[in-house]
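Novice: Here it is, the structure in full.
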Amino acid sequence: MVAREGFGYLGQALSAAEIFAALYLDALTPDDDLVVSPGHYAIVHYAAGVEIGRIDPAELVTYGVDGSRLESIGTEGTPGLTATCGSLGQGLSVAAGLALGARLNGSAKRVYAVVSDGEMEEGQTWEAALFSAHHGLGNLVVLLDRNDSQVDGPTHQVTTLEPVTDKWTAFGWDVHAVDGHDIGGLRAALGAAQRSARPSVVVAETWTLSGLDHLLPDEADGHFLKVTPEQIEAARAHLTEAERDARTVAPAPWTSRKGERA
Amino acid sequence: MTTVKALRAPYTTVLKPYGSALVALARQKPNVVCLGADLTRQTETDLFRDQLGERFFNGAMSEQNLMGVAAGLARAGHQVFVNTFGVFATRRPYEQIAMQIAYPALDVKIVGLMPGLSTPGGPSHQATDDIALMRALPNMTVVDVADAREIPQAVTAISEIPGPVYLRLKRGEIPVLFDEDHRLDLDNVVVVDGETAPDEPVDLTIFATGMMVATALAAADALRGIGISVDVVNVACLKPLDTAGVLREVRRSKAVVTAENHSVIGGLGSAVAEVIAEAGLAVPFRRVGIQDTFARAASARYLFEHYGLGSQHLVDTAAALCGRSAPFPKVAEVRHEVGAYSPV
């Protein structure tokens, strides 16, 4: 997707690839709602969407192209996304409303929200955290991408967010801290989050160069990566090789998994 | 078009017509949900909380979150009424309303009480630009009602609108300006006080909205006393504006004044001026309202007079616009009990 123009929200895809893989393959059902609060993460949603039969792989080349439905910053027009986000800090509130609405409807659905660590700088995130805990929204699960990256550089240089897990705990949330590139850890955390009676947050420690760190420069702008054609080709070769060695997970379209959760 | 004959001050008043109407609506529509922001009694939603508590949620003092929660609830199939003071309902969560409610055109009704200079709370509490802000949002309907007859009808009417609505409401004692047969009209601007036939020329048309309808009625009587024929037009729905109706009234008027309890920038005055200008009409025109300033903390009566929203100021402005010279006629004083409603 970034090859055509040589830039895009690649860092977000690299930090969150395993988060989306675990979410889509293990947790999310067609009945559930998904809010991706940093709309920039649409890129990884598209890539992962191919694996669950939600998006045609041939469509990926239209990412960010004028008139394409695969917009670079996702909206509710994006297949599979529930709200229009991208102005950071707003998604969790919508997810809380969806979770409350589902409870009022007597629905067993869950609401998943992908939230970036930079969004903890927005006061609204903490308004939503208070609201969700107070109203006992156990059907709400947040996947927090703790990639320590924002537009102006590493998040810890911009402001101090630590202690992240203590903050969410103090706000009344069920907190699960994991290595965000460890699929097994993510799956276990998601499972625990689903069983919680309180709103849950999976704090996933990640890296915006994960998997391609030997190809991309350390000082790369994690928010909006620029890549050369040579880097693209090297990355393709590297990922093809990695995929050959990787444990293969069979595609599992949502439609075939509908009703799987008892 | 029908001409309604409006009543004259002193007006009887009604308490909590909005809160009662919302409960009645929710009893009819099981999907109605009521949200608040730590102003439950002040927004008359204590009635809802006490009678339909399972559908009432206090979102605390966090309006940005509340608008997002409202959007989520609406996406889950609920009709959501968000209640707080107008200033807090519009300025602080503006971006949240834009992105989460207006852009997807969700079924969320934002009810902002305490409009303009009706509160002694000063600039922090006075919603003086809420109409301008909400008018600028695509998909948003903007309603400001004149009296206690219109409020329950407005609740029903906006519930029938599928998309987002901003409803601006006076708080506290609500005057009864119209008789029992009065019907709120969100589709048309309506002459509520006039002596000319609908197709006859008139010296002056006053387009008024919300609390300024009562002010305009008092001013109209004084102006008629010096031989100026006046139509008072109630504009209950500021967006979408009944453009054809505005033009119909402007075309037969020798002068036009707008009257709003709001900044003259972006509100009724701007909306009517846009219609006049785009139609290529030239008519003597003035906007009565808050003249691009913040206001102080003082009584509503003081503020209305001090910032030029009083009926005497309306008379002076209109008489001069109609070519009359001072001294202008005095608006009749209306006896009222302390704390009771009266037009200023």
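Novice: Please report, in cubic angstrom per residue, the volume enclosed by the convex hull of the alpha-carbon atoms of the range A:116-219.
Specialist: 90 Å³
Novice: A follow-up question, please. At 222 nm, what helix-only mean residue ellipticity would the protein assembly as shown give, in deg cm²/dmol to the nearest 500, using -39500 (n - 2.57) for each DSSP H run of four or more?
Specialist: When only DSSP H runs of four or more count, the value is -9500 deg cm²/dmol.
Novice: Counting only other chains, what is the mean number of Cβ atoms within 10 angstrom of the Cβ of each residue in peptide A:27-35?
Specialist: Rounded to a whole number, the mean comes out at 1.
Novice: Please state the shape class of the range B:13-175: rounded when a/c is under 1.5, otherwise prolate if a/b exceeds b/c and oblate if not, all from the C-alpha gyration tensor.
Specialist: rounded
Novice: Based on the alpha carbon coordinates of chain B, what radius of gyration and maximum Cα-Cα distance (Dmax) apply, in Å?
Specialist: Rg and Dmax of chain B, Cα atoms, are 19.3, 61 Å.
Novice: In Å and on Cα atoms, what radius of gyration and Dmax does chain A show?
Specialist: Cα-based Rg and Dmax for chain A come out at 17.6, 54 Å.
Novice: Here's another thing I want to ask about it. Counting only the backbone N, which residues of the range A:15-35 are under 20 Å from the spot 7 Å out from the Cα of A:E121 toward its beta-carbon?
Specialist: Flagged as within label range: A:15-16.
Novice: Right, next: Quantify how strongly other chains surround peptide B:90-100 by giving the mean number of their Cβ atoms within 10 Å of each of its Cβ atoms.
Specialist: Rounded to a whole number, the mean comes out at 3.
Novice: Assuming 0.36 nm per residue, please report the length gained on full extension of the stretch A:I232 to A:H214 beyond their Cα-Cα distance.
Specialist: 5.2 nm
Novice: Which of B:A24, B:V108, B:M134 sits farthest toward the positive end of the charge dipole of the range B:13-175, with +1 on the Cβ of Lys and Arg and -1 on the Cβ of Asp and Glu?
Specialist: B:A24
Novice: What value in Å³ per residue do you get for the convex hull of the alpha-carbon atoms in the protein assembly as shown?
Specialist: 171 Å³
Novice: Excluding same-chain residues fewer than 8 positions from B:K109, which lysines have a Cα within less than 28 Å of its Cα?
Specialist: Of all the lysines, those that pass the test against B:K109 - Cα under 28 Å, at least 8 places apart if same chain - are A:K109, B:K16, B:K29, B:K170, B:K239.
Novice: Here is a follow-up. Pop a pseudo-label 7 angstrom from the Cα along the beta-carbon direction at both A:R198 and A:V65 and give the gap in nm to one decimal.
Specialist: 4.8 nm
Novice: Separation of the range B:275-324 and the range B:13-87 by C-alpha centroid, Å?
Specialist: 34 Å
Novice: Show the residues, 5+ positions off or on another chain, whose built amide H is closer than 5 Å to the amide H of B:V33.
Specialist: B:Q79, B:V80, B:F81
Novice: Give the average, rounded to an integer, of partner chain Cβ atoms located within 10 angstrom of each Cβ in A:124-137.
Specialist: Per residue, the average neighbour count from other chains is 4.
Novice: For B:S124, A:S37, A:S87, what ranking results if the residue with the fewest other Cβ atoms within 10 Å of its Cβ goes first?
Specialist: Fewest-to-most ranking of B:S124, A:S37, A:S87: B:S124, A:S87, A:S37.
Novice: Give me the one-decimal nm value for the distance between modelled label points at A:Q157 and B:A60, 7 Å along each residue's Cα-to-Cβ direction.
Specialist: Result for the modelled spin labels: 3.5 nm.
Novice: Counting DSSP beta bridges in chain B, what percent are antiparallel, to the nearest 5?
Specialist: Given both bridge residues lie in chain B, the antiparallel proportion sits at roughly 20 percent.
Novice: In whole angstrom, how far apart do the alpha carbon centroids of the range A:36-112 and the range B:133-180 sit?
Specialist: 34 Å
Novice: Counting only GluC sites (Glu not before Pro) that sit in a DSSP loop (anything but H, G, I, E, B) with at most 11 other Cβ atoms within 10 Å, what is the longest stretch of chain B containing none of them?
Specialist: Here the longest run is B:1-179.
Bear in mind that the values in this text are calculations on the coordinates, not laboratory data. Keep in mind it's a predicted model, so treat the numbers as computed, not measured. Cβ: placed from backbone, ideal geometry, glycine included. Neighbour counts: every protein chain shown.
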